[in-house]
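The values are calculated or read from the model by the stated rules, or taken from the named source; none is laboratory data. These figures come from a predicted structure and were not determined experimentally. Here the Cβ is made from the backbone with ideal geometry for all residues, glycine too, and neighbour counts use every protein chain on show. Only protein heavy atoms, including side chains, enter the accessible area calculation; ligands, DNA and RNA are left aside. Shrake-Rupley method; radii C 1.70, N 1.55, O 1.52, S 1.80 Å.
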Amino acid sequence: MDNNDKLTGLYLFDDFISVASKQLGNADAASLYVLVSLDFSKFKYINRVYSYSAGDKLIVDLARAITDEKECVVACRPYSDHIIGLFCFEKGEWETKKERLKKLQEDFCKSHKSQYPKTSVHLNIGVYIVEDITEPVTSIIDKANIARRSVKGNYSVPYAVYTQKLQILKEAESRLIPIFEKAIENDEILVYMQPKISVKKGGIRGAEALTRLIDEDGKIVPPDIFIPVLENSGKVLDLDWYVMKYVFKKIKEWQDEGRSIVPVSINLSKLHFYHDSLVVDIIREFEQYGISTDYVEFEVTESVFFEEADLIIDKIEKLRQYGFKISVDDFGAGYSSLNLIGILPVDIIKLDKGFIKNSLNNRKGMEIIKGLIRILNEIEMDIVCEGIETKDEERIVYEFGCDSMQGFLYDKPIPIDNFEDKYILRAVI
Ligand code: C2E
Ligand code: MG
Ligand code: MG
């Protein structure tokens, strides 16, 4: 093996396979092998913003960090910023040693933070624990890669270990992407609407556009299944653009027919914010419809504000300056901070349904929701409570000071025809 990777000095892929196979072939019963697969979040962005040599340096640093680990027996760089390493531990040792992956993530990111201030350096780390040492190394690598891809862009977990569930997600990917592509091409994405209700007014005050796919058997695939798949592959961007155009067109139709229009919110995946032209693109599209910005709201999930603050704040501000409303979706689902509310340039906070449900069943939780709603009212932020399913829940949060509700108590997300029938067509301005 006289050729090594020129940039990192690591083994080339084929050599890695043969060294790793030999290691596993000679493994003794006391050893546990673990394959770790790593790459960077937003590596293209780093290359683009900081130059290719900065990207190269990161790769070299990562290669060194891996080979410096004493349990690493062999490593290689299959391509670009992707590095894999085979580790050998004593059986029973892994449970304590796995903390080191977390430390690797933290140390690596911390030590590079100042060099790349415009983006957070973050590793996607996937792990496969080899239980059967006769499993082919290529299959071992595939599984570690599945684990790595499952945490892409997810900053809240330092690494992921391969599980059967991930395999199922991977299978869903190969099944759902062709269905999605066909649906986009044939204009067959279902856009459902769920009303948002004003308790005081006793009627609708807005709606949220939520999508569904239809699989080969004619069954509805819910977003919880296909959104992660589309986010993994970047195709969620196409979905959101589809919904955006669909909503603009609908509002225009309602306007032309002299209907009473309610503002409609569109979910924007975080992936949009990596595109510098996002604001210009949205405005360009919007201006073709001759409708008012009063009818359009964008929902961005809470976690995005934590992970990508620098990247998104400026874009959100521009969208608001133009006249769109922006809401923080699923507030309370992750690591929300009160500090965040004060600095976010947004109009509406949507309290997460899980957060509300968990809070309303105990006294402390109730006080927290109550206090939160009071603070949000004091700083003149609009609030929507999601996932309201019972009259009791409605009454409690209403008494706490929240008037806008969304939930099955009023309606599930429903097909557009039903929605228009029930909420739009009957009311004429
Ligand atoms: P979300 O934006 O937080 O939307 C609200 C979700 O809560 C919807 O789930 C809705 O059906 C559900 N929900 C509303 N009221 C209740 C209730 O009373 N009880 C319960 N248990 N659930 C309730 P859905 O439609 O399954 O969508 C799930 C998520 O998928 C959405 O959460 C949103 O993050 C994402 N999503 C849906 N469509 C799109 C889309 O077109 N683009 C993007 N980027 N994301 C989408
Ligand atoms: Mg939403
Ligand atoms: Mg939500």
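Which of the lysines could a cross-linker bridge to Lys118, judged by Cα under 27 Å and excluding same-chain residues fewer than eight apart?
Cross-link targets: Lys42, Lys44, Lys57, Lys102, Lys103, Lys110, Lys152, Lys235, Lys270, Lys315, Lys318, Lys325.
What does the net charge come to around Met366 if you take all other residues with beta carbon closer than 15 Å to its beta carbon, with K and R at +1 and D and E at -1?
Its environment carries a net charge of +1.
To one decimal place, what orientation-averaged projected area in nm² is obtained for the convex hull of the Cα set of the stretch 301-429? Don't jump to the answer; show the numbers that get you there.
Numbers: hull surface 37.8 nm².
Over all viewing directions, the stretch 301-429 projects a mean Cα-hull area of 9.5 nm².
Mind listing which GluC sites (Glu not before Pro) in the stretch 331-424 are in a DSSP loop and have 10 or fewer other Cβ atoms within 10 Å? Numbers along the way, then the final one.
Numbers: sites: Glu367, Glu378, Glu380, Glu386, Glu389, Glu393, Glu394, Glu399, Glu420; in loops: Glu380, Glu386, Glu389.
Filter output for the stretch 331-424: Glu380.
Would you work out the relative contact order for the stretch 68-215, in percent, from Cα pairs under 8 angstrom that are 6 or more residues apart?
Averaging sequence separation for qualifying contacts and normalising by length gives 13 percent for the stretch 68-215.
For the stretch 163-201, which GluC sites (Glu not before Pro) pass both filters: DSSP loop (anything but H, G, I, E, B) and at most 13 other C-beta atoms within 10 Å? If you can, show how the numbers build up before the last one.
On the way: sites: Glu171, Glu173, Glu181, Glu185, Glu188; in loops: Glu188.
Those satisfying the criteria are Glu188.
Report the label-to-label distance for Lys201 and Glu181 in nanometres (one decimal), using points 7 Å from each Cα along the Cα→Cβ vector.
Label-label distance for Lys201 and Glu181, simple model: 4.3 nm.
Percent of accessible area on the stretch 13-162 owned by carbon and sulfur, 1.4 Å probe?
Details: 3670 of 6900 Å².
Accessible surface attributable to carbon and sulfur in the stretch 13-162 totals 53 percent.
Beyond 33 Å, what share of the Cα-Cα pairs of the stretch 170-426 is found? Please give it as a whole percent.
Values: 5983 of 32896 pairs.
Counting every Cα pair in the stretch 170-426, those more than 33 Å apart make up 18 percent.
For the stretch 170-426, with all protein chains present and a 1.4 Å probe, just round the carbon and sulfur fraction of the accessible area to a whole percent.
Values: 5880 of 12020 Å².
On the stretch 170-426, the fraction of accessible area on carbon and sulfur atoms equals 49 percent.
At what distance in nm do the modelled label points of Asn361 and Val157 sit from each other, each positioned 7 Å from its Cα along Cα→Cβ?
If labels sit at Asn361 and Val157, their model points lie 2.3 nm apart.
What distance in nm separates the two pseudo spin-label positions at Tyr322 and Cys72, each 7 Å out from Cα along the beta-carbon direction?
In this crude spin-label approximation the distance works out to 4.4 nm.
Determine the gain in length on full extension of the stretch Lys110-Lys249; use 0.36 nm per residue of separation and subtract their C-alpha separation, reporting nm with one decimal.
So the chain would gain 45.4 nm between Lys110 and Lys249.
Which loop chymotrypsin sites (Phe, Trp or Tyr not before Pro) in the stretch 290-346, with loop taken from DSSP, have no more than 14 other Cβ atoms within 10 angstrom of their Cβ?
Details: sites: Tyr295, Phe298, Phe305, Phe306, Tyr322, Phe324, Phe331, Tyr335; in loops: Phe324, Tyr335.
Those that pass, being in a loop and sparsely packed, are Tyr335.
Please check the chain for the longest run free of trypsin sites (Lys or Arg not before Pro) that are loop-located per DSSP (anything but H, G, I, E, B) and have at most 13 other Cβ atoms within 10 Å. Write down the numbers at each step before the final one.
On the way: sites that count: Lys6, Lys70, Lys91, Lys118, Lys200, Lys201, Lys219, Arg426.
So the longest stretch without any such site is 220-425.
Could you provide, to the nearest whole Å², the per residue accessible area of the chain with probe 1.4 Å? Intermediate results must be reported in sequence, preceding the final value.
Details: 20710 Å² over 429 residues.
Averaged over the residues of the chain, the accessible area is 48 Å².
For the stretch 1-34 and the stretch 160-184, what is the centre-to-centre distance using only Cα atoms, to the nearest Å?
Each part's Cα centre sits 30 Å from the other's.
With just the Cα atoms defining each centre, how far is the stretch 277-303 from the stretch 369-408? Give it in Å.
26
Sort Cys385, Cys88 by heavy-atom solvent-accessible area, probe 1.4 angstrom, most to least.
Working: Cys385 0, Cys88 35 Å².
Order by accessible area, largest first: Cys88, Cys385.
Please identify the helices of the chain, taking whole runs of DSSP H, that span at least 27 Å along their own axis as judged from the Cα atoms and have a mean Kyte-Doolittle score of -1.0 or higher.
Numbers: long enough: 164-185 (32 Å, -0.17); 236-256 (30 Å, -0.39).
Those that clear 27 Å and a mean of -1.0 are 164-185, 236-256.
Taking the chain as the region of interest, what is the percent of Cα-Cα pairs per 10 angstrom bin, listed from the shortest bin to the one with the maximum distance?
4, 19, 25, 24, 16, 9, 3, 0
Give me the base-10 log of I(q)/I(0) for the stretch 1-153 at each q in 0.09, 0.12, 0.20, 0.21 Å⁻¹, Debye formula, one uniform scatterer per Cα, rounded to two decimals.
Results for the stretch 1-153 at q = 0.09, 0.12, 0.20, 0.21 Å⁻¹ read -0.28, -0.49, -1.31, -1.42.
Just need the relative contact order of the chain here, percent rounded to a whole number, with Cα pairs under 8 Å and 6+ apart. Don't skip to the answer; put the middle values down first.
Details: 661 pairs, mean separation 51.6, N = 429.
12 percent.
I'd like the distance between the alpha-carbon centres of the stretch 39-102 and the stretch 198-242, rounded to an integer number of Å.
36
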